[in-house]
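This report refers to the structure that appears directly beneath it.
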Amino acid sequence: MVDQPAPPIIFDPRRRALARDRAHVGFAAHDFLYRHMLEGLLERLGDVSRPLETVLLLGCPDTSARDALRALGKSVTCCDPGALNARANDGVQADEDALPFASDSFDLVLSCDTLDTVNDLPGALVLIRRLLRPDGLFLGACMGAGSLPRLKQALLDAEGDKARPHVHPQIDVRAAGDLLARAGYAMPVADIETLTVRYGSLLALMRDLRGMGHGNVMARDRIGPLTRGAIARASLLFGESADADGRIGESFSILYFSGWKPDPSQPLPARRGSARVSLADVLKPG
């Protein structure tokens, strides 16, 4: 067997856990993105007819997701990269690419607002599939590509020729679908929606990001220091795009993705050439 190369270390797991722990106490003041994602996931779950009674919840900065799933009659196990979040939910602290659960343990794995900062995302998706029982469902949501364009541009322009990344790379919707298929999921689906939030200043946006645990958690060798001077210049540049009321609209692209663990009972795609109606007949003028 050929050894697979280790995934690149883009994110620092310790900084990631600390960011979530620091956000824990005041999370309720900055929880709009998590709640929006959770509502979207629960809406998609509502379209599923199977009972899916045992759930692994990945990402629990408060108890809202756990309580909502329990209200639906689910048995919920919680897991979070942050120790305080895990403890508040009587759960387990672990990263998504190193989950300490047995294979075939859950009917549903629901991940809310965490998978965009996992070093080994392909490995995490494979591991999640292993944890599912046959015909089990994975549902996930996180920030996707296209998020925070005005913040990114303001920071880039403020640092000029010496710009370093201060917003982590994000997952494209097409890449998400490909990753699910490569990880062995049946019927993979990925879609994206945009949420626009209006801010009075760059600092208010940055406070929200820190408050929801979305500070920069990339490994130190990938980022440079964000100086006070750079922040001041970025604040001025960010404010230049304000509307007449002085507020600036920033975009959050929310990526939703799902897939099923294969099972013989699932419907198979039709065999090529098995169609009973020809395309030519369909396209004939009436």
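The values are calculated or read from the model by the stated rules, or taken from the named source; none is laboratory data. From a predicted model like this one, the values you see are computed outputs, not experimental measurements. Every residue, glycine among them, receives a Cβ derived from its backbone with ideal geometry; neighbour counts consider all protein chains shown.
This table checks each residue for (1) part of a helix (DSSP H, G or I); (2) farther than 14 Å from GLU250 by Cα.
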position	(1), (2)
LEU156	yes, yes
LEU180	yes, yes
ASP191	no, yes
ARG198	no, no
Go through the stretch 163-199 and give me each residue that's of a type in the set (S, T, N, Q) and surrounded by 14 or more Cβ atoms within 10 Å (Cβ to Cβ). GLN170
Considering only the stretch 89-132, state which residues are over 24 Å from ARG20 (Cα atoms), out of contact with any strand residue (DSSP E or B) (no Cβ under 6 Å at 6 or more places or on another chain) and charged (D, E, K, R). ARG129, ARG130
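Yes/no matrix, rows are residues, columns are (1) modelled with pLDDT under 95; (2) on the phi > 0 side of the Ramachandran plot; (3) of a type outside the set (A, V, I, L, M, F, W, C):
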position	(1), (2), (3)
ARG164	yes, no, yes
ILE171	yes, no, no
LEU195	no, no, no
TYR199	no, no, yes
LEU209	no, no, no
Name the single residue, out of those in the stretch 231-255 being more than 25 Å from the chain's Cα centre (by Cα) and closer than 27 Å to ASP172 by Cα, that is surrounded by the fewest Cβ atoms within 10 Å (Cβ to Cβ). SER241
Scan the stretch 140-148 and give yes if some residue there is in a strand (DSSP E or B), within 17 Å of the chain's Cα centre (by Cα) and over 22 Å from ALA19 (Cα atoms), otherwise no. no
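The rows are residues; the columns are (1) part of a loop (DSSP other than H, G, I, E, B); (2) within 15 Å of the chain's Cα centre (by Cα); (3) closer than 24 Å to PHE257 by Cβ.
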| residue | (1), (2), (3) |
| --- | --- |
| PRO8 | yes, no, yes |
| TYR34 | no, yes, yes |
| LEU56 | no, no, yes |
| LEU69 | no, no, yes |
| VAL76 | no, no, yes |
| ASN85 | no, no, yes |
| ASP97 | no, yes, yes |
It is to be established whether one or more residues within the stretch 166-173 are farther than 18 Å from ARG228 by Cα, in contact (Cβ under 8 Å) with a residue 40 or more places away in the chain, of a type outside the set (Asp, Glu) and part of a helix (DSSP H, G or I). yes
Here is a list: LEU202, LEU155. Which entry is crowded, with 17+ Cβ neighbours inside 10 Å, more than 25 Å from ILE9 (Cα to Cα), of a type outside the set (D, E, K, R) and touching a helix residue (DSSP H, G or I) at 6+ places or on another chain (Cβ under 6 Å)? LEU202
Test of understanding: among GLU43, GLU53, which residue is acidic (Asp, Glu) and touching a Ser or Thr at 6+ places or on another chain (Cβ under 9 Å)? GLU53
Quick one: which residue in GLY136, GLY160, GLY123 is out of contact with any helix residue (DSSP H, G or I) (no Cβ under 6 Å at 6 or more places or on another chain) and in a helix (DSSP H, G or I)? GLY160
Those residues of the stretch 36-54 which are in contact (Cβ under 8 Å) with a residue 40 or more places away in the chain, in a loop (DSSP other than H, G, I, E, B) and either at negative phi or exposed (fewer than 13 other Cβ atoms within 10 Å of the Cβ) (or both), in sequence order: VAL48, ARG50, PRO51, GLU53
If you check ALA141 against the conditions, is it closer than 30 Å to GLN266 by Cα, modelled with pLDDT of 95 or more and touching a Cys at 6+ places or on another chain (Cβ under 7 Å)? yes
In the stretch 200-236, what count of residues is obtained for those that are β-branched (Val, Ile, Thr), assigned to a loop (DSSP other than H, G, I, E, B) and either without any contact (Cβ under 8 Å) to a residue 12 or more places away in the chain or out of contact with any Ser or Thr (no Cβ under 8 Å at 6 or more places or on another chain) (or both)? 2
